[in-house]
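Trainee: Right, I'll just put the structure down here and ask away after.
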Amino acid sequence: MEKRECNSKEMDRLAKKIEFLDNPERRGDIPPEQLLNMLPIHKTANILDLGAGTGYITIPAAKIVEGQVYALDIDPKMLEVVDSKAKKENISNIKTLKGSIDDIPLPDHSVDLALASLVLHEVKNLAHSLEQIKQVLKSDGYFVCIELEKKDNPTDHHPRISSVTMEQEITNAGLRVIQTLNPTDVIYIIIAKK
């Protein structure tokens, strides 16, 4: 009986995590399809979704490219969710990868576009993670960072990185920032090129 109770609690936690990660309000009300249409993606691109979670961006990305879409996450349960969604929608160009941004399990120069949506504020060493991202990008590859803008709000206890700081960190990693977008007052998107 105890095991079943534990599994029930674990399933509840997983369901709450999925609901939170799939919530469009958390993403600044930008539908993933609209976001992807804003990006320099060609039909044959290989895309890396860093911190893929439930596949909120992975699934729509796989529908618009013929290349491989890599869903990277440290949580194997999230990768199972991505696999399940892909099977349900008959999507065959997604490959799930268990791993972290500070040690990306892909060969150097293997992706055209790396996308980090609401995940870089969680890494321990941002400079190292950005170096890892740069390594897996092809020579003309793009890196897209989506984050919540840091506000001077003493009641907000969520870790955030300001767009100014993020731009500087991306530049320090040897990538060239080509565009910064502010689709809402809480979200910023930085597009950089290798």
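Trainee: Out of curiosity, is residue 68 more than 13 Å from the chain's Cα centre (by Cα) and at pLDDT 95 or above?
Mentor: yes
Trainee: Among (1) among the hydroxyl-bearing types (Ser, Thr, Tyr); (2) exposed (fewer than 15 other Cβ atoms within 10 Å of the Cβ); (3) under 21 Å from residue 189 (Cβ atoms), where does residue 117 come up short?
Mentor: (2)
Trainee: Would you check if residue 108 is exposed (fewer than 15 other Cβ atoms within 10 Å of the Cβ) and either within 17 Å of residue 41 (Cβ to Cβ) or aliphatic (A, V, I, L, M) (or both)?
Mentor: Taking the combined requirement at face value, the residue does not satisfy it.
Trainee: Please count how many residues of segment 133-150 are surrounded by fewer than 22 Cβ atoms within 10 Å (Cβ to Cβ), outside any strand (DSSP E or B) and modelled with pLDDT of 95 or more.
Mentor: 2
Trainee: For segment 33-54, name all the residues that are touching a helix residue (DSSP H, G or I) at 6+ places or on another chain (Cβ under 7 Å), farther than 20 Å from residue 123 by Cβ and buried (at least 18 other Cβ atoms within 10 Å of the Cβ).
Mentor: 36, 41
Trainee: Given the structure, is residue 62 in a loop (DSSP other than H, G, I, E, B), modelled with pLDDT of 80 or more and surrounded by 19 or more Cβ atoms within 10 Å (Cβ to Cβ)?
Mentor: No.
Trainee: Kindly provide the set of residues from segment 84-94 that are surrounded by fewer than 17 Cβ atoms within 10 Å (Cβ to Cβ) and outside any loop (DSSP other than H, G, I, E, B), ordered by number.
Mentor: 84, 87, 88
Trainee: List the residue pairs whose Cβ atoms are under 8 Å apart, where the first residue sits in segment 96-121 and is among the charged types (D, E, K, R), the second is crowded, with 17+ Cβ neighbours inside 10 Å and in a loop (DSSP other than H, G, I, E, B), and the two are 6 or more positions apart or on different chains.
Mentor: Within 8 Å, the pairs are 102/123; 112/41; 112/45; 112/46; 112/67.
Trainee: Do we have any residue at all in segment 170-186 that's touching a His at 6+ places or on another chain (Cβ under 8 Å), touching a residue at least 24 places away in the same chain (Cβ under 8 Å) and either within 26 Å of residue 31 (Cβ to Cβ) or buried (at least 20 other Cβ atoms within 10 Å of the Cβ) (or both)? If you could, list the steps in order and put the result at the bottom.
Mentor: First pass over segment 170-186, keeping only residues touching a His at 6+ places or on another chain (Cβ under 8 Å): none.
No, because not a single residue in segment 170-186 is touching a His at 6+ places or on another chain (Cβ under 8 Å), touching a residue at least 24 places away in the same chain (Cβ under 8 Å) and either within 26 Å of residue 31 (Cβ to Cβ) or buried (at least 20 other Cβ atoms within 10 Å of the Cβ) (or both).
Trainee: Could I ask something else about it? In this structure, does residue 107 turn out to be at pLDDT below 95 and assigned to a loop (DSSP other than H, G, I, E, B)?
Mentor: Here the answer is no, as residue 107 does not meet what is asked.
Trainee: Sticking with this structure for a sec: Which residue, of 54, 44, is within 26 Å of residue 139 (Cα to Cα), modelled with pLDDT of 55 or more and not hydrophobic (A, V, I, L, M, F, W, C)? Spell out how you get there, then give the answer.
Mentor: Working: 54 fails: within 26 Å of residue 139 (Cα to Cα).
Exactly one of 54, 44 is within 26 Å of residue 139 (Cα to Cα), modelled with pLDDT of 55 or more and not hydrophobic (A, V, I, L, M, F, W, C), namely 44.
Trainee: Would you mind stating whether residue 170 is under 16 Å from residue 72 (Cβ atoms) and modelled with pLDDT of 95 or more? Steps first, please.
Mentor: On the way: under 16 Å from residue 72 (Cβ atoms): no; modelled with pLDDT of 95 or more: yes.
So residue 170 does not fit the description; no.
Trainee: Name the residue, out of 32, 76, that is in contact (Cβ under 8 Å) with a residue 12 or more places away in the chain and under 27 Å from residue 179 (Cα atoms).
Mentor: Working: 76 fails: under 27 Å from residue 179 (Cα atoms).
From the options 32, 76, the qualifying one is 32.
The values are calculated or read from the model by the stated rules, or taken from the named source; none is laboratory data. What you see is a predicted model, and the numbers here were worked out from it, not measured in a lab. Ideal geometry is used to build each Cβ from the backbone, glycine not excepted, and the neighbour counts take in all protein chains shown.
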